[in-house]
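The values are calculated or read from the model by the stated rules, or taken from the named source; none is laboratory data. Note that the coordinates shown come from a computational prediction; the quantities given were computed from them, not determined experimentally. Cβ atoms come from the backbone with ideal geometry, glycine included; neighbour counts cover every protein chain shown. The area values use the complete protein model at the heavy-atom level, side chains included, leaving out ligands, DNA and RNA. Shrake-Rupley method; radii C 1.70, N 1.55, O 1.52, S 1.80 Å.
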Amino acid sequence: MSSPAVTVVMPLYQKAGSVLAAVRSVLCQRFVDLELLVVDDGSTDDGPALVARLVDSRLRLVRQPNQGPGAARNRGLAEARGALIAFLDADDEWEPEFLELGVAALASAPECAAWVAGRAEGPARRTQVARDRRMGLSGRWRLSPDVHPRRLKYCVDFCHSSCVLAQRSVVERYGGYYAADRCVYGEDSYLWLQLVLNHALAIDPEPRVWFHTEHSELGVARRGRHPVRPALLASEPLLRQCDPAYRRALRDLLAFYRLLETEQLMRQGRLDGPSLARWRSRFPWTRFPGLKLGAVELRCSIAALLPGVARTLRGFSAPGDRP
């Protein structure tokens, strides 16, 4: 069999109510030279059976025991045949032109590791096109080495898996998605952070993806109560593979992630002075992060040392903690 131009990987777990719409949005693409690998990650609902009833030579259902979303996507990556690869969640949908635009963009800019499109979110299809353009997220794009950590986080979060068409060789170079311990939070941003730090991207901020936040049980739904980010659990590979020109930006992003984690622990009443000191020693700032983040650091310090004060600060959230 000849290899398709694009492999689409769709991890599937307990999404019987939305998977058919997601699959059809792939099979109805104007760009047709593709294969779709739906990786059933041990679902116990009717989702896999619904997919199995569909008849299309480009569609294949792959089954495995439950190992988490990162492992499911990596299984698809291992079986992919296309030179380009995309990952669509089983509760999201593509507009019909998604792949056509992405393939054309990468053909005209082969130096780019991936093409990233904007998205519409929720039943109201909210978009942030104007804000994304103000952030410079348009056209051929390369991160500035002196980027502020809040801005860097925004850029990484912009690269949602359902919105990316990437060179498969680049994704393989970084080992695909973070999959340790059945990770269900940040396993995707761990991968896209490496592309943002090390490569040029082609970006179209227009909404080419419908992101169904109303169906999400991970990511957005875990705001304020999520596990520790993989970037903090496995920071050494990130630092080791980072372009030296961007290593300082990465270290400050890790300090920002650390601040968000310690702020969460403070609100939960589970942070004391020694644990705060250990977090800070592992992920220090390389430069003063500005007055807003400096104020968050101060409040966390007060809350960790004075539990009574901590109770009055439980509702405080660090700026920039947006999915």
From GLU93, GLU97, grab the single residue that is surrounded by fewer than 17 Cβ atoms within 10 Å (Cβ to Cβ) and at pLDDT 95 or above.
-> GLU97
Criterion: at pLDDT 95 or above and over 17 Å from VAL116 (Cα atoms) - qualifying residue of TYR178, TYR185 | TYR178
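Table: residues versus (1) open to solvent by less than 30 Å² (accessible area, probe 1.4 Å); (2) modelled with pLDDT of 95 or more; (3) under 20 Å from the mean Cα position of the chain (by Cα).
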residue	(1), (2), (3)
MET1	no, no, no
LEU20	no, yes, no
ARG24	no, yes, no
VAL38	yes, yes, yes
GLY42	yes, yes, no
Residue pairs qualifying under the 7 Å Cβ cut-off, at least six apart or on distinct chains, with the first in the range 27-55 being more than 25 Å from ARG182 (Cα to Cα) and touching a residue at least 60 places away in the same chain (Cβ under 8 Å) and the second being open to solvent by less than 50 Å² (accessible area, probe 1.4 Å) and acidic (Asp, Glu), are ARG30/GLU97
Residue selected from the range 113-143 under the condition out of contact with any strand residue (DSSP E or B) (no Cβ under 8 Å at 6 or more places or on another chain) and touching a residue at least 40 places away in the same chain (Cβ under 8 Å), by the criterion nearest to TRP210 (Cα to Cα) = PRO123
Would you pick out the residues in the range 268-318 that are at pLDDT 85 or above, open to solvent by less than 90 Å² (accessible area, probe 1.4 Å) and either of a type in the set (A, V, I, L, M) or over 27 Å from LEU250 (Cα atoms) (or both)?
-> LEU276, ALA277, LEU293, ALA295, VAL296
Counting just the residues of the range 223-265 that are over 18 Å from the mean Cα position of the chain (by Cα) and charged (D, E, K, R), which one comes out nearest to ILE302 (Cα to Cα)?
-> GLU263
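Can you pull out the helices (runs of 4 or more DSSP H) entirely within the range 130-204 that have at least 1 residues that are under 12 Å from the mean Cα position of the chain (by Cα) and among the aliphatic types (A, V, I, L, M)?
In the range 130-204, the matching helices (runs of 4 or more DSSP H) lie at 149-158, 187-198.
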Conditions (1) at pLDDT 95 or above; (2) farther than 16 Å from ASP157 by Cβ -> PRO230 fails only (2)
Of all the residues that make up the range 163-194, how many are of a type in the set (Phe, Trp, Tyr) and touching a Gly at 6+ places or on another chain (Cβ under 6 Å)?
-> 2
Scanning the range 26-35 for residues that are in contact with a Pro (Cβ under 7 Å, 6 or more places away or on another chain) and open to solvent by 40 Å² or more (accessible area, probe 1.4 Å), the one nearest to VAL51 (Cα to Cα) turns out to be CYS28
Just a yes or no: is a residue in the range 73-84 within 25 Å of VAL38 (Cα to Cα), among the polar types (S, T, N, Q) and touching a Lys or Arg at 6+ places or on another chain (Cβ under 7 Å)?
-> no
